[in-house]
Structures are given as structure tokens and as C-alpha cells.
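J.: Attaching a single structure in C-alpha cells format; questions to follow.
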Amino acid sequence: MREIRFYEALIEAMAEEMRRDERVFLMGEDIGLFGGTFRATEGLMAEFGERRVRDTPIAEAGIVGLALGAAFGGLRPVPELMTMNFAIVAMDQIVNHVAKMRYMFGGQFDLPLTIRAPGGGGTQKGAQHSHSIESWFVNAPGIRVVIPSTPHDAKGLLKTSIRCDDPVLFVEHERLYSVKGPVPEESEELLIPLGQAETKRPGRDVTLVAWSFMVHDALKAAEALAEEGIEAEVWDPRTLDPFDWDALYASVARTRRCVVAEEGWRTLGVGAEIAARLQEHLFHELDAPVQRVGAADVPTPYARNLEQAALPSAEDLFRAALKICT
Amino acid sequence: MISPTDQIKMYRQMLLIRRIEERIAECYGEGKIGGFTHLYIGQEAVAVGAINALNQDDNVIDTYRDHGHFLVRGGDPKALMAELFGRVTGCCKGKGGSMHLADAEHYFFGGTGIVGASIPIAVGLGLASAYREDDHITMAFFGDGATNQGVWHEGLNFATIWNLPVIFVCENNFYGIGTDVRLSSAFTEVHKKAAGYGIPGYLIDGMDVMEVRQRCEEVVRLVRGGAGPALIEARCYRYQGHSMTDPGRYRARAEEELWRKRDPIPRLARQMLDAEVVTQERLDEMEREIEAQVEEAVRFADESPEPGPEMLYEHMFRERYPSDPHA
């Protein structure tokens, strides 16, 4: 199968959906002429023009609010927040409006919008530009949270998100954009249903739960664990809302051990919810306490050594797994 | 010139809002309505005059003081009262409440409890119209307090740079809850804030429904014709406190009296009687009809069932997944 980069997979997904459905349009800061700060919309203005690829002012709450209004008006907007960090600026629109207006109005309106936002740390961008805050949005009912780890999943899930009749927050990791991976030819339609996890590496001794960039760290940790004679399963939920709980329970019931890794802060992270549910559902099947790996509870520091100390790594995963497997 | 039929229609709408809200206040006192309830009494001429200047398929979006706009847009008084009572027959099936009325059938995109937040959403509705090149326009209602919120400015800026068919209607009642506009705004003449975006700003008397209607019709014509967004400041006064729990101690009684003398409802009644558009008998009859309509709405709400427990997880998403929480 051909290999393309993560950002190229995103461009293909958007272009295909825009060709398919006239109601789909993009809006965001520097997505048009500039091509996107991470090149994820490169070439789209040339193909679709200024009407459907709209450069916006720097006004994140406004961008999300306009996209919501356009969805109310029958369009299918795909707004880009230049970075996930700016979702914090748009928090009221996302949490109070996008996520609530269907329920609050008794299901009168469908709100099909897909908010794309690149986030994550590890590139020395300092405290305000290194967020992995997907847990905040999983905590807010009413918006789907999709967070792919490979070019294949990025393409298939973005296409499904754009076709979804509900609001989706589509989280991309900045360090994933240049990652290459196998993706079917454009002639083959690639759609991945939300709520379907994928086992990225099978194993019998411990389940490593990871999403987004952490999947790649988990795969590295699994390699290292294999050298110690431990066969780790790497399990990627791919979407955090909906979450494929049954598949997770099946994996952990088999391996009887679990490590959850996320790049976000450990305290009250998605990992905390996963650990809580595992003990509720599988208390007697577990051979060891569920381990959590996550970021240190500090604003991400700039200095390279401190940033590396703050963010979780493949080694942290390796050590956490080793601790419960020996 | 507003036709006699339209004058009577507007009078009836204003009176319905007034009477139904007086009854809402009583029901609130009886504990039948919970949470926050913000009355529109005093400001009726704005919703009635402005919304009647629109077509039925134009968009309207609102704040939390939304009973009046909901009714003028065509919302059912029974569905309003049932919503306030938290009943399944409410316009939002009892899930929204006073601050979150909406009516998809009548292009009423709801009330939000967050000041200013409806502005970018209104502009997005305008974007949808421009994108499709249809001739619908969007009217957004908000208070003077909203004009100090960041998203208000973001919305006006977007509407201007993309030349969108949106009319921003500020109901300036001079108080953001209890804070005088002179203490909260660097610039108290809201309509002049339009200059910051190079769009027209109009000042109108929000206590005169005929003026509101006529001036809004002119603006609607311009905006529908492609002139881009416009800002209207309608000066008006809410007779009650900010919400049901506010006795309004921050306002001088003399000031309140002054505004009550300009009450839009008797004002239109006088005009119509003088012009022999309507007789006193017809007005009295209308009063009785509305009283019956209000009582019917209360009875309907009272007799309607609450939403069943199975509805707790309904209406979250159009597309459901097995792992979604369910009753």
C-alpha cells in the first residue's frame, strides 16, 4: 500500500468530502493562502476557492460560534483552530453552545460541525502551546472527541467526522503531521466508524492503552518489553467519545493487566476514568492495579530537559508495565 | 404605512406578552417555575416591531430574556408555558427552560444564558445564507451589556469583512442586571459602536412599536438587498427587575415612572383609537381573549406530564453508539 504523511491524509479527507458535499466548507486562521500552519489545508484554496476555504481573523470564539451558526443554517462547517491551545479561548462556544444546543433545545436541531485542532507538546513550545486537553472535552457531554494516531486513521476518521450529523472535536497531534503510514489509494473510499478501537499490536501479558502520539511511544515500549519476555498489547481507542469500552474490557480481561498512557495531565485525565471503569467492571479479573502514565501536573516547561521530564515517554510506559508484569 | 390589520396584530402580540408574563410571575411565585426567569415586560415594542419587519423564514436568535421573541416569531403560548413548567409538551420538551426557548419550525434559534454568545452564532447563520446565496436575513437580539463582551466585537467584525446579512438589534434598557450602562460602557451610545466596524448604526425609540416596525423595515430592505450588516439600538426599559429575584433597588422610582408613562401598549391603543383603526369594545374583547388564551396555556402546562426518566439521555446526539450512556 502507498505511504503518505499524516497531514496529507487530512488534506485528502477534506478534499474528498468537499467534492462529495457542497455544504462542507473550511474556515480558520491562515488555512487558505498560507496553506495552514501545519500544511494540513495546503492546496485546498486553489481547488475550492475562497468561498469554501475561508481565512478568518484571529478570533477563536468567533470562529467556533460562526461555524455553529452555519451548522444551524444547514451547512457542514469544518473550522480549524490553529492549535488546540486556542480551544481554551473558544471554550464557551464549544462547551456551552456547540455541545449543549441539541440537548438543551430538545433535539430540534442537528449540528454537524467538525472542529479540527492540533495540540500536544514535546517541541519546546512552552506552557501555553503544549496542551493535551482532550480530557476537558470528554468531560463535557454533547461533543464527540476523535483523536487518531496514524495517517490511515486520520483520513478515515476525519471523513466520518465530517459526515457525522453531530459536533466533533477532531484532535491532531503536532508531532504526528510528518509521520508516514500506509493509506489506501484515493480511489478506495476509506471510512472508519467512530467508537471502534484498534489493536495496534497484539499481546497477551498487558494492555497498553494509548491514543494520538502516545500510541507510537506505546509501540516502542512494547518492543522493549518483548525483549524482557513480556508481550504487550497496544490498544488505541481512536475516539474518546464514543469510547469502545467493550473492546477494552475484552482486551484487559484477557491480559489481566493494564497501563493507560496519555500526554495530558495525569490528575483527572482520561486515564483516571479508564482506570476507574476497569476496576468497576473487571475487579476480579485484574492481576495488578491499573497503572496511569501521564504528564507531570505542572505547566509544560520550556527547557528541553524539563519538558522531557514533564511529558510521558516510552520509557515511562515501559517501566509502568514492567512494574506490574514482574 | 403600517396597515390597520398589522397594527391590531402588533397590539395583540404586545398584550399577549404582557399578560402571559404577568401570569408567569405569579406561577413563579407559586413555585411552578424554577431557576432563572427574566421578564420582558416594558420592552415588548422591540420584539414586536422588529420581528414583524422580517419574513417568516428569516432567522431570529436571542438572549435569555426570550419569552417575547419566541411568541412573536410564532411560538405557541402553550409550548412556552409548558417549557417553563418543565413539561414534556414544552417547546424544548422541558429540557431548556425559560432561558433556552427555541423553535426550529419558526426559525427561532434559541435563547442562550451567556451574554453576547449568540452574536457569532447569528453571524454564522448569516454566513450560511451568503454561502447559499439565498435571501434570508438573520436578526440577533441582545442587551446593552452584551456590547462589552469580546465575542460581540468578533461577531460584528466577521459580519463586516464578509458582508453578511445580519441585523444586530440592541435592546438598550440601560442596565446590565443592576449596573448602569454609564458605569459599564466607555461609550454609552450603542448605535455609534457600529462606526468601529464601518457599518450603519441606527437609534430608535424602543417604546414605540410603530417606529420600531417602520425603521426596521427600512433596515431589513437594505440588508436583504446586500448592503451588509447593520446595528440598531432600540432604547427601552424593563419594568421588572433583571430576573424574578431582583427587586430593582438600584433604580430611582422617578425614573421608572417616567418610562412607564411611555408604555408602548396604551400608546398604540391611543393611536389606533384616535385613527379609528379599532374601537374600545374591540380592545376590551381582545383583553378577554388574551386572558382566556393565557389561562389555557397555564392549564395546558399544569396538566401536561413531566418528561419521563427515559428522556434523560435522549437528544444528546443524532447518531448514537452502543457505548453512549442510556436510561
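J.: I'd like the Karplus ³J(HN,Hα) series for segment B:88-102: coefficients 6.51, -1.76, 1.60, θ = phi - 60°, whole numbers in Hz, and an x wherever there's a Gly or Pro.
T.: 5, 7, x, 4, 10, 6, x, 9, x, x, 3, 7, 10, 7, 8
J.: Using a basic spin-label model with each label point 7 Å from the Cα along Cα→Cβ, how many nm lie between B:I114 and A:R266?
T.: 3.2
J.: Oh, and also: From the C-alpha gyration tensor of chain B, pull out the three semi-axes of the equivalent ellipsoid (sqrt of 5λ each), sorted largest to smallest, in whole Å.
T.: Values for chain B, descending: 28, 27, 20 Å.
J.: How big is D for segment A:24-83, in µm² s⁻¹ as a whole number, if Stokes-Einstein is applied with the Kirkwood radius of its Cα pairs at 10 °C and 1.306 mPa s?
T.: 141
J.: As I understand it, the value is the acute angle between the Cα axis of helix A:270-282 and the longest principal axis of the Cα atoms of chain A; what does it come to in degrees, rounded to 10?
T.: So the helix axis and the longest Cα principal axis differ by about 50 degrees.
J.: Quick query: amide H of B:Q43 versus all other amide H atoms, modeled in the peptide plane; which residues come in under 5 Å with a sequence gap of 5 or more or a different chain?
T.: For B:Q43, the qualifying residues are B:Y239.
J.: Same structure again: Explain nothing, just the number: dipole magnitude of segment B:70-207 about its Cα centre with +1 on each Lys and Arg Cβ and -1 on each Asp and Glu Cβ, in debye rounded to the nearest 20.
T.: Its charge dipole is roughly 320 debye.
J.: Which percent of the accessible area of chain A is formed by carbon and sulfur heavy atoms (probe 1.4 angstrom)?
T.: In chain A, the share of accessible area belonging to carbon and sulfur is 51 percent.
J.: Counting only other chains, what is the mean number of Cβ atoms within 10 angstrom of the Cβ of each residue in peptide A:56-62?
T.: The mean count of partner-chain Cβ atoms within 10 Å per residue comes to 6.
J.: Under a plain spin-label model, where a point goes 7 Å from the Cα along Cα-to-Cβ, how far apart in nm are A:D55 and B:K261?
T.: 5.7
J.: How far, in degrees from 0 to 90, does helix A:245-255 lean away from the longest principal axis of the Cα atoms of chain A, to the nearest 10?
T.: It works out to around 20 degrees.
J.: Could I ask something else about it? Let me understand segment A:96-232 better: what is its radius of gyration from the alpha carbons, and its Dmax, in angstrom?
T.: Spelled out, the Cα radius of gyration and Dmax of segment A:96-232 are 17.1, 56 Å.
J.: A further question on this structure: Label-point separation (nm) for A:R254 and A:L306, each offset 7 Å from Cα along Cα-to-Cβ?
T.: Placing both labels 7 Å along Cα→Cβ, they lie 4.4 nm apart.
J.: Please calculate how many Å² of accessible area segment A:198-325 carries per residue, with a 1.4 Å probe and no DNA, RNA or ligand atoms counted.
T.: Accessible area per residue, segment A:198-325: 44 Å².
J.: I've got another one for you. Could you order B:E22, A:E307 so the one with the most accessible surface comes first? Probe is 1.4 Å.
T.: Largest to smallest exposure gives the sequence B:E22, A:E307.
J.: Still on this structure, I have one more. Just to confirm, what accessible area per residue do you get for segment A:1-68 at 1.4 Å probe, in whole Å²?
T.: Accessible surface, normalised per residue, equals 39 Å².
J.: Sticking with this one: Could you work out the Rg to Rh ratio of segment A:198-325, with Rh taken as the Kirkwood radius (inverse of the mean 1/r over all Cα pairs)?
T.: Values: Rg = 13.8 Å, Rh = 14.4 Å.
Using only Cα positions, Rg/Rh for segment A:198-325 is 0.95.
J.: Turning to a different aspect of this structure: Could you give the dipole magnitude of the protein assembly as shown about its Cα centre, charging the beta-carbon of Lys and Arg +1 and that of Asp and Glu -1, in debye to the nearest 20? Don't skip to the end; give the middle numbers.
T.: On the way: 69 positive and 99 negative charges, 180 e Å.
Here the size comes out at about 860 debye.
J.: How are the C-alpha pair distances of segment B:185-327 spread across 5 Å bins, as whole percents from the shortest bin up?
T.: Answer for segment B:185-327: a P(r) of 2, 7, 9, 9, 11, 13, 12, 12, 12, 9, 4, 1, 0, 0 percent.
J.: Which value does Rg/Rh take for segment B:54-147 over its C-alpha atoms, Rh per Kirkwood?
T.: Value, to two decimals: 0.99.
J.: Just the ratio, please: alpha-carbon radius of gyration of the protein assembly as shown over 2.2 N^0.38 Å, N its number of residues.
T.: Ratio of Rg to 2.2 N^0.38 Å for the protein assembly as shown: 1.07.
J.: If R0 is 25 Å, what FRET efficiency do you get for B:A104 and B:A252 from their C-beta distance, rounded to 0.05?
T.: 0.05
J.: Quickly estimate the mean residue ellipticity at 222 nm for the protein assembly as shown, helices only: each DSSP H run with n ≥ 4 gives -39500 (n - 2.57), and the total goes over all residues, rounded to 500.
T.: Working: 22 runs with 253 residues, N = 653.
Calculated at 222 nm, the ellipticity per residue is -12000 deg cm²/dmol.
J.: For the pair B and A, how large is the buried accessible area, both sides, in square angstrom to the nearest 100, if the probe is 1.4 Å?
T.: Chains B and A together bury approximately 3900 Å².
J.: Kindly provide the Kirkwood hydrodynamic radius of segment A:3-182 in Å, to one decimal, from all pairs of distinct alpha carbon atoms. Walk me through the numbers before you get to the answer.
T.: Working: mean 1/r = 0.0626 Å⁻¹.
Kirkwood hydrodynamic radius for segment A:3-182: 16.0 Å.
J.: In sequence order, what are the phi-derived ³J(HN,Hα) couplings for segment B:175-191 according to the Karplus relation 6.51 cos²θ - 1.76 cosθ + 1.60 with θ = phi - 60°, rounded to whole Hz, with x for glycine and proline?
T.: 9, x, 6, x, 9, 4, 4, 5, 8, 10, 10, 4, 9, 8, 8, 4, 4
J.: Okay, moving on. What order do you get for B:257-265, B:117-125, A:57-65 when each peptide is scored by the mean count of other beta carbon atoms within 10 Å, highest first?
T.: Values: B:257-265: 15.9, B:117-125: 30.9, A:57-65: 24.1.
For the peptides B:257-265, B:117-125, A:57-65, the packing ranking is B:117-125, A:57-65, B:257-265.
J.: Next question. More than 24 angstrom separation, counting every C-alpha pair in chain A; what % is that?
T.: 53
J.: Taking only the alpha-carbon atoms of segment B:221-288, what semi-axes of the equivalent ellipsoid follow from 5 times the gyration tensor eigenvalues under a square root, in whole Å, largest first?
T.: Semi-axes, largest first: 27, 27, 12 Å.
J.: Got a number for carbon plus sulfur as a percent of segment B:75-184's accessible area, 1.4 Å probe?
T.: Details: 1560 of 3090 Å².
C and S fraction of accessible area: 50 percent.
The values are calculated or read from the model by the stated rules, or taken from the named source; none is laboratory data. Nothing here was measured: the structure is a model prediction, and the numbers come from that model. With ideal geometry, Cβ positions are generated from the backbone for all residues, glycine too; neighbour counts draw on all protein chains shown. All accessible areas refer to the heavy atoms of the entire protein, side chains included, with ligands and DNA or RNA removed. Shrake-Rupley method; radii C 1.70, N 1.55, O 1.52, S 1.80 Å.
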